[in-house]
Amino acid sequence: MQNLLFIALLFCSTLAYAQADLSKKYAETITVSDLDEYLSILSSNALGGRETGEAGQKMAAAYIEHFFEANDLEPIVYTPSGSSYLQSFNLVSMKPGEAWIKTESQTYENFEDIVYTGHASHQVPIKSSLVFVGHGRPQDYQAIDANGKNVLIYCKGDRVDRSKKADIAAENGAAQIFMMQYGDSEAFKRTVGRYKRYLTHGRLSLPPDENETEKGHFMIPTLLGAEILNTSEKKLEEALEQSESGSYKNLLKLQSQEIIFYVHQDMQNVSTENVLGFIEGSDKKDEYVIITAHYDHIGINDGEVYNGADDDGSGTVAVMEIAQAFAQAKKEGHGPRRSILFMAVTGEEKGLLGSSYYVNNPVIPLEKTITNLNIDMIGRIDEVHESNPEYVYLIGSDKLSKGLHDVSEWVNSTYTNLRLDYKFNDENDPNRYYYRSDHYNFAKNNIPVIFYFNGTHADYHKATDTIDKIAFDLLEKRSRLVFHTAWEVANREESISVDVQPNDIDIDGTN
């Protein structure tokens with residue numbers, strides 16, 4: 001019996017060493033020269049900044065599609081004409097026209113006094129009173145019937161807070177949503193100015209039926225909210241404070257006057273596409289790992305091409321090289337045990353649209369997707385690490401799975417020895433990066449994620465984000481870290497699983 005146990009342990013040990021040797025072998029196919037070659041094409045002026053839905057984005061999609069095909073990745077998107085590498089879909093392009101809110105005393109104009117963001121476009125002005133639901137938390141709706149009604153909600157003003165409260169309002173049947181923003185009038189003016197710059201050029205979104213909880217909303221200042229509720233700002237704040245402790249008596253006393261509101265937007269369809277390449281696994285092929293990076297950028301502004309070499313050309317070429325490494329391993333008889341989907345994502349710069357579309361229309365079962373490794377900017381060095389550039393920021397690795405976090409740490413100490421910086425993984429980090437790239441749409445569906453990131457720099461979202469500033473040696477090493485992590489996740493005996501609740505692990509950012 002002891003001899004059998006010894007043989008079994010020896011076999012497992014030998015298998016583990018063999019997998020480690022193979023991981024090193026195929027990681028070495030990820031090279032500076034290849035990354036440079038691919039990025040010189042994706043970040044060239046010829047692609048016009050890869051604006052979502054524009055010719056340059058489609059050229060980039062065709063290039064990545066050809067790359068996947070040339071490396072024998074499988075097309076996995078079903079179309080009436082056969083399997084495809086392209087997951088094509090329509091977005092809605094919206095340019096704001098007239099929008100306003102009229103109270104008994106005056107009219108408040110869009111981008112001057114208020115902001116509207118969303119899909120609505122009314123045929124005629126709408127006359128209605130509003131139902132005030134305080135802070136808009138789930139418990140607030142227990143005291144208030146909002147079904148089919150236009151609601152007024154008090155919020156902090158940041159995008160994540162508004163989005164969560166809009167989702168809760170939609171779940172409770174709200175029609176049009178009005179967000180009364182916390183803060184003084186000067187802070188609200190800055191919000192108006194920021195959205196005016198962003199929205200007046202037009203915006204893209206998923207069609208309303210693709211994103212049902214996003215109703216769109218008006219953002220209004222506290223002073224206007226108090227006017228609508230026929231009260232003062234002081235009494236409004238008192239009622240809100242009381243509702244915090246569960247007393248809704250004074251909140252329910254606040255009654256809305258009738259207002260008239262109107263929104264008109266010019267809308268048209270814009271086609272775009274995610275690019276998907278697939279490698280089927282062996283004995284665990286019905287479990288899936290997804291590796292993503294967005295290949296869109298922000299196009300041409302004032303005649304200058306915004307090439308997006310780091311954001312996110314660097315991540316896109318990393319996915320291409322990692323895909324090529326796995327494809328070569330499979331060709332030589334060392335394919336992964338689990339299946340791997342490589343996805344170049346569109347529309348990230350417009351609000352994580354490509355990944356949102358994918359999770360609503362997955363080509364492989366979400367419930368069988370065990371991990372998403374997302375790469376968004378890994379080719380540069382931020383100011384904090386100029387004297388010690390051997391680093392990468394990791395975000396989200398412990399949010400849903402301690403097992404994934406432990407695998408990631410082990411892989412790095414075994415193969416790459418980068419400094420894994422968890423500063424931006426802190427739930428209280430004001431940058432909120434965990435919510436700002438494509439991994440978040442997978443995390444929202446209870447899929448463990450890791451987001452690889454080099455931090456921002458002076459050229460972020462500028463025309464100066466060019467290939468000559470890419471640190472290709474670091475890009476190679478960080479790409480190999482993602483490859484080794486994917487190799488381990490795809491080939492280990494135990495599956496990555498959800499084993500913690502958010503915030504169960506305290507990351508202090510000092511690693």
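For segment 166-180, which residues satisfy the criterion of being out of contact with any helix residue (DSSP H, G or I) (no Cβ under 7 Å at 6 or more places or on another chain) and either of a type in the set (A, V, I, L, M) or under 15 Å from Ile220 (Cα atoms) (or both)?
Looking only at segment 166-180, we keep the residues that are out of contact with any helix residue (DSSP H, G or I) (no Cβ under 7 Å at 6 or more places or on another chain), and these are 166-167, 169-171, 173-176, 178.
Hits for segment 166-180 are Ala166, Ala169, Ala170, Ala174, Ala175, Gln176, Phe178.
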Residue in segment 53-63 that is open to solvent by 10 Å² or more (accessible area, probe 1.4 Å) and either among the aromatic types (Phe, Trp, Tyr) or at pLDDT below 95 (or both) present: yes
Condition check for Asn90: open to solvent by 60 Å² or more (accessible area, probe 1.4 Å) and either over 16 Å from Arg203 (Cα atoms) or touching a residue at least 24 places away in the same chain (Cβ under 8 Å) (or both): yes
Pair list, Cβ < 9 Å and 6+ apart or interchain, from segment 119-137 residues that are within 18 Å of Ser163 (Cα to Cα) and without any contact (Cβ under 8 Å) to a residue 60 or more places away in the chain to residues that are of a type in the set (D, E, K, R) and open to solvent by 30 Å² or more (accessible area, probe 1.4 Å): Gly136/Lys164
Every residue from segment 230-251 that is within 25 Å of Ile114 (Cα to Cα) and open to solvent by less than 90 Å² (accessible area, probe 1.4 Å): Thr231, Ser232, Glu233, Leu236, Glu237, Glu238, Ala239, Leu240, Leu251
In segment 141-195, the residues that are among the aromatic types (Phe, Trp, Tyr) and closer than 17 Å to Asn110 by Cβ: Phe178, Phe188, Tyr195
In segment 387-428, residue farthest from Gly455 (Cα to Cα) [restricted to those that are surrounded by 21 or more Cβ atoms within 10 Å (Cβ to Cβ) and among the acidic types (Asp, Glu)]: Asp398
Test: residue in segment 166-183 that is loosely packed, with under 13 Cβ neighbours inside 10 Å, over 25 Å from the mean Cα position of the chain (by Cα) and in a loop (DSSP other than H, G, I, E, B): no
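Taking segment 326-371 as the region of interest, how many residues are among the aromatic types (Phe, Trp, Tyr) and assigned to a strand (DSSP E or B)?
Just the residues of segment 326-371 that are among the aromatic types (Phe, Trp, Tyr), to begin with: 326, 342, 357-358.
So of that shortlist, the ones also assigned to a strand (DSSP E or B) come out as 342.
Residues in segment 326-371 being among the aromatic types (Phe, Trp, Tyr) and assigned to a strand (DSSP E or B): 1 in total.
Condition test on Asp310, is it in contact (Cβ under 8 Å) with a residue 60 or more places away in the chain, within 30 Å of Ser23 (Cα to Cα), touching a Lys or Arg at 6+ places or on another chain (Cβ under 7 Å) and not in a strand (DSSP E or B)?
Working: in contact (Cβ under 8 Å) with a residue 60 or more places away in the chain: yes; within 30 Å of Ser23 (Cα to Cα): yes; touching a Lys or Arg at 6+ places or on another chain (Cβ under 7 Å): yes; not in a strand (DSSP E or B): yes.
Judged against the criteria, Asp310 is a match.
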Selection within segment 459-484 - open to solvent by less than 60 Å² (accessible area, probe 1.4 Å), charged (D, E, K, R) and outside any helix (DSSP H, G or I): Asp459, Asp465
Only one of Asp382, Asp438 that is surrounded by fewer than 21 Cβ atoms within 10 Å (Cβ to Cβ), under 23 Å from the mean Cα position of the chain (by Cα) and within 29 Å of Thr29 (Cα to Cα): Asp382
Unmet requirement for Leu206, which otherwise passes all of (1) under 30 Å from Gly53 (Cβ atoms); (2) touching a Phe, Trp or Tyr at 6+ places or on another chain (Cβ under 8 Å); (3) open to solvent by 20 Å² or more (accessible area, probe 1.4 Å): (3)
Output for segment 88-124, where each listed residue is over 13 Å from His264 (Cα atoms) and not in a strand (DSSP E or B): Thr103, Glu104, Ser105, Gln106, Phe111, Glu112, Asp113
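Output yes when any residue across segment 192-199 is within 25 Å of Arg137 (Cβ to Cβ) and in a loop (DSSP other than H, G, I, E, B), and no when none is.
Taking every residue of segment 192-199 in turn, none turns out to be within 25 Å of Arg137 (Cβ to Cβ) and in a loop (DSSP other than H, G, I, E, B).
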Any pair with Cβ under 9 angstrom, 6 or more apart, that starts in segment 373-387 at a residue that is touching a residue at least 24 places away in the same chain (Cβ under 8 Å) and ends at one that is among the basic types (Lys, Arg) and in a loop (DSSP other than H, G, I, E, B): Asp376/Arg436
The lone exception for Val359 - which of (1) under 29 Å from Ser282 (Cβ atoms); (2) buried (at least 23 other Cβ atoms within 10 Å of the Cβ); (3) of a type in the set (A, V, I, L, M); (4) within 16 Å of the chain's Cα centre (by Cα) it fails: (2)
Residues satisfying the stated conditions in segment 97-111, i.e. closer than 16 Å to Lys189 by Cα and open to solvent by 40 Å² or more (accessible area, probe 1.4 Å): Glu109
Residue, least open to solvent (accessible area, probe 1.4 Å), within segment 125-143, restricted to residues that are β-branched (Val, Ile, Thr) and not in a loop (DSSP other than H, G, I, E, B): Val131
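Picking from Ser40, Ser83, Ser33, which residue would you name as being over 24 Å from Trp487 (Cβ atoms), more than 24 Å from the chain's Cα centre (by Cα) and assigned to a helix (DSSP H, G or I)? Show your work before the answer.
Values: Ser83 fails: assigned to a helix (DSSP H, G or I); Ser33 fails: over 24 Å from Trp487 (Cβ atoms).
Residue meeting the stated conditions: Ser40.
I'm trying to understand the selection: among the residues of segment 372-421, which are of a type in the set (A, V, I, L, M) and not in a strand (DSSP E or B)? Can you show your working first?
Within segment 372-421, the first condition is being of a type in the set (A, V, I, L, M), and the residues that meet it are 373, 375, 377-378, 381, 384, 392, 394-395, 400, 404, 407, 411, 418, 420.
Across segment 372-421, the qualifying residues are Met377, Ile378, Ile381, Val384, Leu400, Leu404, Val407, Val411, Leu418.
The values are calculated or read from the model by the stated rules, or taken from the named source; none is laboratory data. Predicted model only: the values in this text are computed from it and were never measured. Neighbour counts are summed over all protein chains in view; Cβ atoms, including those assigned to glycine, are modelled from backbone coordinates with ideal geometry. Just so you know, the surface numbers come from the protein's heavy atoms only, side chains and all, with ligands and any DNA or RNA stripped out. Shrake-Rupley method; radii C 1.70, N 1.55, O 1.52, S 1.80 Å.
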